[in-house]
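Trainee: One structure, as structure tokens, below. Some questions next.
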Amino acid sequence: MTSNTSKTGFNSSFGAIMAAAGSAVGLGNIWRFPYICGKYGGGAFLLVYIFFVFFIGMVLMMSEFVIGRRSKEAPIRAYATLCPKHTSWKLVGLLGLITCFLILAIYLVISGWTLNYFWESLTGTLSSIPINGFKLHFNTFASSAVRPAVFIVAFLIFTFLVIVGGVQKGIERVSKLLMPILVVLLIVMCVRSLTLEGASEGVAYLFNPDFTKLTGEGVLAALGQALFSLSVGMGVMIVYGSYLPVDDNILKTSMWITLCDFFIAVLSGVAIFPAVFACGQEPTGGPGLVYEVLPVVFQSFGGLGTVFATVFFLLLSLAALTSAISLLEALTAWLNKNGMRRFSAALLISVLVVFLSIAASFAYGDADNAKTSLSNGIWYDIKIAEMSIYEFLDKLTGTYLPPICAFLTIIFFGWVMKKEDIMDELSNHGTVKIGYFNVFYYFLVRFVAPVALLVVLVAGIIK
Ligand code: PFF
């Protein structure tokens with residue numbers, strides 16, 4: 001493993017892998033991947049997903065690492081440094097940072113909910129709720145004004161403190177500690193889930209290939225999920241790339257991060273769905289799964305339910321934390337490189353993002369709630385393009401912005417940057433043999449990835 005003596009970057013390749021894998025492994029792996037995997041054909045979906053993750057997601061990650069390490073800059077200036085003749089490419093960096101900001105805002109809402117559920121499991125509140133009361137409990141909590149906001153702020157404070165600690169002493173150290181803990185907690189959950197009676201139905205839901213369920217929509221969902229899950233397209237990996245040790249092997253590092261992200265997504269499925277099926281619950285994803293279905297599953301574990309609920313919500317909070325760290329770091333690094341002190345930069349971004357995040361939380365709700373006794377957030381009725389602030393942010397960050405940013409990034413990389421510079425960086429100035437890989441890689445960068453991204457984008461807009 002390589003090491004770096006510079007204080008501004010990661011200290012070792014291992015630290016870099018843990019930090020970037022920390023960014024990649026997040027809510028997307030745990031509450032989204034397993035559900036869409038089962039929904040769109042289990043093993044059949046997995047095959048497509050593996051292709052996208054390794055041939056498009058990982059290629060984008062390598063590209064961002066190269067842009068970052070070559071320029072030693074944060075997103076906006078990175079583009080200007082690598083292409084001084086056409087500085088309008090800087091706008092791609094800017095769009096990426098705006099996307100990071102918006103993702104962070106919505107990510108904090110969900111992270112705040114998760115932290116609250118961790119707290120409620122720890123203090124026993126969750127176990128005192130009747131088995132049919134979880135939907136109402138979540139709705140009452142999420143649509144209230146004060147409590148979600150308190151937990152958003154608390155979560156943001158943790159994130160802020162890590163960023164202020166710096167790249168090595170904050171991000172790298174925390175990731176090296178949290179990622180292994182996360183894997184251990186996940187394995188504990190898997191063992192519990194797999195040993196329940198009736199678990200095999202959940203395993204079948206996840207892995208049995210059913211090609212009839214693999215629709216066009218499923219293929220698009222696979223690519224969207226691959227990008228989101230690997231945190232690529234918005235420039236976070238450009239920033240982490242600028243922190244990579246000079247002699248780090250970008251191909252190997254990207255491979256480890258991608259493998260780690262992929263296996264944690266699969267393990268999450270194994271931790272969740274066998275238990276969901278064993279308890280006779282319906283498979284679902286998102287908030288419905290985590291805050292309404294899983295608490296029922298935990299209660300059915302009897303006495304140990306509280307322990308497993310606490311472990312699970314801790315796991316989810318930690319996964320969300322290392323992802324939120326990377327988003328806040330991308331924005332902080334940009335201001336920092338422009339001369340602002342790290343502390344002030346992180347504080348400024350935090351203050352700005354917390355307003356948007358709390359506004360989104362106030363606007364959480366569902367049109368169906370009006371027909372039942374469930375309530376909506378106090379700002380649910382404020383609409384942008386017929387959507388609440390929460391839905392609007394969710395749509396922008398879930399459907400439109402990531403593929404746009406990813407598409408522009410790969411076009412810049414494949415068609416604007418010099419091939420010799422790319423190969424020089426990938427081969428560590430000729431010291432690492434990349435052989436025929438460069439031909440294959442360049443083909444993916446120039447043709448396969450842009451076309452796939454364009455298809456996702458157009459399909460998302462037409463839908
Ligand atoms: N990869 C994270 C997840 O799967 O939850 C989310 C994420 C983090 C997306 C950072 C984008 C990003 F820049």
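Trainee: Tally the residues that are modelled with pLDDT under 95, within 16 Å of the ligand (Cβ to nearest atom) and more than 16 Å from the chain's Cα centre (by Cα), restricting the search to segment 1-51.
Mentor: Residues that pass the stated criteria total 1.
Trainee: Something else about it: Out of S344, S317, S373, S357, which single residue is assigned to a loop (DSSP other than H, G, I, E, B) and either within 20 Å of the chain's Cα centre (by Cα) or more than 16 Å from the ligand (Cβ to nearest atom) (or both)?
Mentor: Testing whether each residue is assigned to a loop (DSSP other than H, G, I, E, B) and either within 20 Å of the chain's Cα centre (by Cα) or more than 16 Å from the ligand (Cβ to nearest atom) (or both) leaves just S373.
Trainee: Would it be correct to say that I50 is in contact (Cβ under 8 Å) with a residue 12 or more places away in the chain, within 25 Å of L259 (Cα to Cα) and buried (at least 24 other Cβ atoms within 10 Å of the Cβ)?
Mentor: The answer is no for I50.
A quick yes/no check of all residues on (1) more than 30 Å from K135 (Cβ to Cβ); (2) within 14 Å of the ligand (Cβ to nearest atom); (3) touching a residue at least 24 places away in the same chain (Cβ under 8 Å):
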position: T215; (1), (2), (3): no, no, yes
position: V236; (1), (2), (3): yes, yes, yes
position: L259; (1), (2), (3): yes, no, no
position: F277; (1), (2), (3): no, no, yes
position: G286; (1), (2), (3): no, yes, yes
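Trainee: Still on this structure, I have one more. Have a look at L177, L227 and point out the one that is open to solvent by 70 Å² or more (accessible area, probe 1.4 Å) and of a type outside the set (V, I, T).
Mentor: L177
Trainee: Determine the pairs where a residue that is without any contact (Cβ under 8 Å) to a residue 60 or more places away in the chain, located within segment 315-335, has a partner that is open to solvent by less than 10 Å² (accessible area, probe 1.4 Å) with Cβ atoms under 6 Å apart, the partner being 6 or more residues away or on another chain.
Mentor: Close Cβ pairs (under 6 Å, with a partner that is open to solvent by less than 10 Å² (accessible area, probe 1.4 Å)) amount to L335/A345.
Trainee: Which condition number in (1) farther than 27 Å from T159 by Cβ; (2) surrounded by fewer than 21 Cβ atoms within 10 Å (Cβ to Cβ); (3) within 16 Å of the ligand (Cβ to nearest atom); (4) among the aromatic types (F, W, Y) is the one that F101 fails?
Mentor: Just one mismatch for F101, condition (1).
Trainee: Something else: Confirm whether S121 is among the polar types (S, T, N, Q), crowded, with 23+ Cβ neighbours inside 10 Å and more than 16 Å from the ligand (Cβ to nearest atom).
Mentor: yes
Trainee: Taking I157 as the residue in question, decide whether it is within 22 Å of the chain's Cα centre (by Cα), free of Cβ contacts under 8 Å to residues at least 40 places away in the same chain and under 22 Å from V239 (Cβ atoms).
Mentor: Yes: the conditions hold for I157.
The values are calculated or read from the model by the stated rules, or taken from the named source; none is laboratory data. The model shown is predicted, which means the values in this text are computed figures rather than measured ones. For neighbour counting, all protein chains shown are included, and Cβ atoms are generated from backbone atoms with ideal geometry for every residue, glycine included. These area figures cover heavy atoms from the full protein model, side chains too; ligands, DNA and RNA do not enter into them. Shrake-Rupley method; radii C 1.70, N 1.55, O 1.52, S 1.80 Å.
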